[in-house]
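Right, one structure below, let's go through it.
The values are calculated or read from the model by the stated rules, or taken from the named source; none is laboratory data. Small disclaimer: the values here were computed from a predicted structure and weren't measured. Heads up, the Cβs are rebuilt from the backbone with ideal geometry, glycines too, and the neighbour counts pull from every protein chain shown.
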Amino acid sequence: MENLSLQEKTTAASTTAELLQAARKHLLFTANRPDVVMSRGQGMYIYDTEGRSYLDFVGGWAVNALGHSPSALRNALAEQSAQLVLASPAYYNEPMIRFAELLTDISGMDKAFFASSGAEANECAVKLARKHGAMNLDGAYEIITMKNGFHGRTLAMMSATGKPQWKSLFEPKVDGFIHVPMGDLDACFAAVSNRTCAIMLELVQGEGGVHAVNESYLYGLRKICDMYGIALIFDEVQTGLGRTGKLFAYEHYGIKPDILTLGKGIGGGYPLSATLTNEKFDLFQPGDQGGTYIGQPLGMAAGLAVVRELLDRRLADNAERQGKYVLSKLQPLAGHGLIRDPRGLGLLVAFDVAEGVAAKLAARCLDLGLLINVTGGSTIRLMPPLIAEKEHIDEMAAVLTAALLEIA
């Protein structure tokens, strides 16, 4: 392809080997990726350029809630792109208004802000909390977050995230985040000071290994926030919109936040996120918050279509049923000592394996046509689309069992 023009190079058919060579030459390295190039997807399956199919139990990191290439999303993008793609954030557009109306209605919150990624939604939440601190708490700015939590990869969100391996990265970090162990109410209470404006946490630590917060602990956090007038922020970027078997993970506890962040599944594969809050925290002035692509019609139409489909098909209920079935298939593997501690809520499930085995297991499953996610050195995470059915789970369990037996 060396003698082809630039236009010809971008349209010419390439072999997988040529594509991988181009990837290594032109893409900034950020991750160790296997030597496959994904080319298309349908429902629960994704296909590479060699035509091999893979049962997807990663789901784009809990993004592809409706599966791959869902008709609801395709149709919404086609229809909206024929009308209006971007009007600038300086103006209202109808899909933006309709989507905000839907999200506030189903969540019980009052106001919505839209962005493109979970990290941006969390940044917005932090800004709202600090604005509240500046206006109502004598300049308080510190936010208490949880060790082993995860809130995104912007510099501020890496500072908020309690991952030990990030501690020395990209110093100096953004100041004002205090990390405490999740579940230790005394440690959290001790960290509260006159500089504290918010407590922020995931209700299920996804990247941290799929560990759910304890109900009494969450109740204690709510009481602390109410006592001191500080904001309680729930990061539901991964858990929101059906993933845990409820529309929102906080419904498992009956405890509402002051600020709620959503992402991943909200767009079904289209880059989209939202920050929801109540009237009390509607504090921004013009210029405080914004972005070129906030609330743009194409993304709003995509999100509106995806969330309506989630509701119409009652996919949160399906996630609850199928999540229990996943755990029922994992329990025998734990009983035979092949895995440890299967756990999860809905279709956010994890289990542990012997140290150093997780990466080998994921690689062997890939060879056998199954995608699973490694989080940490010994934890496997399963986050399939919310459309998963028993036959998909049976297929996953059969492949996983074969791979475990080979490695064992």
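Below, the figures for the structure above:
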quantity	calculated
Residue match in the stretch 314-327 (condition: among the hydroxyl-bearing types (Ser, Thr, Tyr) and farther than 30 Å from Ala121 by Cα)	yes
In the stretch 379-391, the residues that are more than 10 Å from Tyr325 (Cβ to Cβ) and assigned to a helix (DSSP H, G or I)	Glu391
Residue, nearest to Gly245 (Cα to Cα), within the stretch 29-41, restricted to residues that are of a type outside the set (S, T, N, Q) and outside any loop (DSSP other than H, G, I, E, B)	Gly41
Matching residues in the stretch 81-110 - criterion: being in contact with a strand residue (DSSP E or B) (Cβ under 8 Å, 6 or more places away or on another chain) and surrounded by 16 or more Cβ atoms within 10 Å (Cβ to Cβ)	Met96, Phe99, Ala100, Leu103, Thr104, Ser107, Met109
Check on Glu120, outside the structural domain of Gly303 (by TED's automatic domain parsing) and charged (D, E, K, R)	no
Residue match in the stretch 245-259 (condition: within 27 Å of Ala90 (Cβ to Cβ), buried (at least 24 other Cβ atoms within 10 Å of the Cβ) and out of contact with any Phe, Trp or Tyr (no Cβ under 8 Å at 6 or more places or on another chain))	no
Index of the failed condition, Glu207 passing every other in (1) more than 25 Å from the chain's Cα centre (by Cα); (2) part of a loop (DSSP other than H, G, I, E, B)	(1)
Tyr270 vs. criteria over 19 Å from the mean Cα position of the chain (by Cα) and of a type in the set (Ser, Thr, Tyr)	no
Pairs where the first residue, in the stretch 356-372, is touching a residue at least 24 places away in the same chain (Cβ under 8 Å) and the second is aromatic (Phe, Trp, Tyr), C-beta under 6 Å, 6+ apart	Gly369/Tyr54; Leu371/Tyr54; Leu371/Phe57; Ile372/Phe57
Test: residue in the stretch 299-307 that is more than 19 Å from the chain's Cα centre (by Cα), within 28 Å of His68 (Cβ to Cβ), in the same structural domain as Ala129 (by TED's automatic domain parsing) and not hydroxyl-bearing (Ser, Thr, Tyr)	yes
When residues of the stretch 267-317 are limited to those that are among the hydrophobic types (A, V, I, L, M, F, W, C) and touching a Gly at 6+ places or on another chain (Cβ under 6 Å), the one surrounded by the most Cβ atoms within 10 Å (Cβ to Cβ)	Leu272
Residues located in the stretch 330-355, provided they are without any contact (Cβ under 8 Å) to a residue 12 or more places away in the chain and either assigned to a helix (DSSP H, G or I) or among the small types (Gly, Ala, Ser) (or both)	Gln331, Pro332, Gly335, Gly337
Positions within the stretch 65-75 being touching a residue at least 40 places away in the same chain (Cβ under 8 Å) and out of contact with any Lys or Arg (no Cβ under 9 Å at 6 or more places or on another chain), in sequence order	Gly67, Pro70, Leu73, Asn75
Helices (runs of 4 or more DSSP H) (entirely within the stretch 42-112) containing at least 3 residues that are of a type in the set (S, T, N, Q) and at pLDDT 95 or above	71-81
Residue check, Val357 surrounded by 21 or more Cβ atoms within 10 Å (Cβ to Cβ) and closer than 23 Å to Phe150 by Cβ	no
In the stretch 360-375, residue nearest to Gly60 (Cα to Cα) [restricted to those that are more than 21 Å from the chain's Cα centre (by Cα) and not in a loop (DSSP other than H, G, I, E, B)]	Leu366
Qualifying residue in the stretch 307-320 (condition: assigned to a helix (DSSP H, G or I), among the small types (Gly, Ala, Ser) and within 24 Å of Pro95 (Cα to Cα))	yes
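The rows are residues; the columns are (1) in contact (Cβ under 8 Å) with a residue 12 or more places away in the chain; (2) assigned to a loop (DSSP other than H, G, I, E, B); (3) touching a Leu at 6+ places or on another chain (Cβ under 7 Å).
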residue: Lys131; (1), (2), (3): yes, no, yes
residue: Asp138; (1), (2), (3): yes, yes, no
residue: Thr145; (1), (2), (3): yes, no, yes
residue: Ala156; (1), (2), (3): yes, no, no
residue: Ser168; (1), (2), (3): no, yes, no
residue: Glu171; (1), (2), (3): no, yes, no
